[in-house]
1. Suppose R0 equals 45 Å. What FRET efficiency, 1/(1 + (r/R0)^6) with r the Cβ-Cβ distance, do residue 11 and residue 151 give to the nearest 0.05?
2. Taking 0.36 nm per intervening residue step and subtracting the Cα-Cα distance, what contour gain separates residue 165 from residue 322 on full extension?
3. Average the reciprocal distances over every distinct pair of alpha-carbons in the stretch 210-278, invert the result, and give the Kirkwood radius in Å.
4. Distance in nm between label sites at residue 31 and residue 294, each 7 Å beyond Cα in the beta-carbon direction?
5. Cα-Cα over 19 Å: which of 192/323; 29/196; 59/171?
6. Take residue 58, project a point 7 Å from its Cα along the Cβ direction, then tell me which residues of the stretch 207-225 have their backbone nitrogen under 19 Å from it.
7. Subtract the Cα-Cα distance of residue 301 and residue 86 from 0.36 nm times their separation in residues, and report this length gain in nm to one decimal.
8. Taking 0.36 nm per intervening residue step and subtracting the Cα-Cα distance, what contour gain separates residue 24 from residue 97 on full extension?
Amino acid sequence: MENNQLANSNVLKFLVMAACVVIVIAGIKAVAPTLNILLLAILIAQCINPLVIWLNSKKISSGLAIVITLVVVIGLGGFVLAAVGSSIYGIREKVPVYSEHIGQMFSGLKEKFAARGYDLGSLIPEGATSPDKIGALIKAALAVMASVLANGIFILILVIILLAEFAGIRKSVEKKSYPERSFMYRISEINKTTTKFIGITALLGFLQGIAGVIVLLVMGVDFAVTWGVVFFFVNFIPVVGFFLAVIPPVAIALLEQGGTSAGIVFGSWYVINLVFDNGVRPRFLKKEFEVSFLTVIVVLMFWSYVLGPLGAILAIPLSLCLKFIYDVYAGDTKRLAGIV
C-alpha cells in the first residue's frame, strides 16, 4: 500500500514538474522577440568582456578600460551595421536577377536529368523554382536580418550597460563583497566560465571571418563583409555552423561567376575552417566545452523552436550556461542531502 502511495506521489510530482516546464517554455516562446534582443546583447557583451579583463590586467582602471572598449564597440558596431544594412539593400536590388538565375539553373538540371531518363520535376513541387517563389524566400531571409539590424542601436546600448555591470560585479567579487555561496557570487562564477567559452569562440570566429572575407574580396564576391559577419555569429553553432555560413557566399559566387568560383570559395573556406577547428581551437578550449553531435542537433531544434532563427545562434551558449547553473545548484543539493 505504501509503495503504491509512493509511486503515485512520484508520478504526481513528475506531472506537476512537466506542466511547469511546458508553461515556462510557452512563456519564453511568447516573449521571444523581446527576449532575443536581450540575449543577443548578453552574447555580444560576453564576446567583448575579455577585452575589458585584459585591459584591467595591464593596470588600466575599470572605468578607462570600459571607455576604450566602448570606443571599439561603437566603431566596430557602427561599421557592421552600415555594412550589413548596405548589403541588405544591395541584395534586395538584385533579388530579381538572382531569382532568374536560380530558375534557369533548375531548368537546366531538369533537362539534364530528363535526358538520362529521370523526372526531376516530380521530386520538386510545381512552382517551387519560379522566380517569384525564390524571390519570396530570399526576401524572407533578408527580413530576419533586417529585424536584427533595426534593433542594432538598442542592442549596442544594452551591450554598453552590460559591460559596466560585468565590471562592477567582478570588482565586488574581487573585494569579497559577496558571500561565497551568495547568488551574485555564483552568477559571477558562471559568467566567468561562459565568458571564457564565448570570448574564445568569438575571437576565433572573428579571425576566421576576416580570413574568409579576404578570400571573398580577392574572388570579387559581392557583400564580402556581410558574409564575414554572418560567419562570426553562426560560428557559435558547432559542427553545422560552418555549412550554414558558407552557403550564402558560395551561392552568390555561383550565381555571379559560375561553378568554378563557387568551388574555390567553398574549398578556401573549408581549409580555413579545418585549420581553425583542428589546429587552433583545441589549444584554447578544453574538453569540458565539447558537445556531441546529437546534443548539438537536439539543442538547436529546441532553442530554434522556442526563440526562432536566433535560437540557433544562442543555443550552445544558453545550454552551456544552464548546464553550469545546474552543476552548481545540483552540487549544493547533493551536499545538503549527504550524497557528496
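1. That pair, residue 11 with residue 151, gives E of 0.50.
2. Length gained between residue 165 and residue 322: 54.5 nm.
3. 11.7
4. Computed distance between label sites residue 31 and residue 294 equals 3.4 nm.
5. 29/196
6. 207
7. 74.3 nm
8. Taking 0.36 nm per residue and subtracting the Cα distance, the gain is 21.8 nm.
Every read-out reported here was derived from the displayed coordinates using simple, explicitly stated rules and does not represent laboratory data. This one's a predicted model, so the numbers in the text were calculated from it and none came from an experiment. Virtual Cβ from ideal backbone geometry, glycine too; neighbours counted across all protein chains shown.
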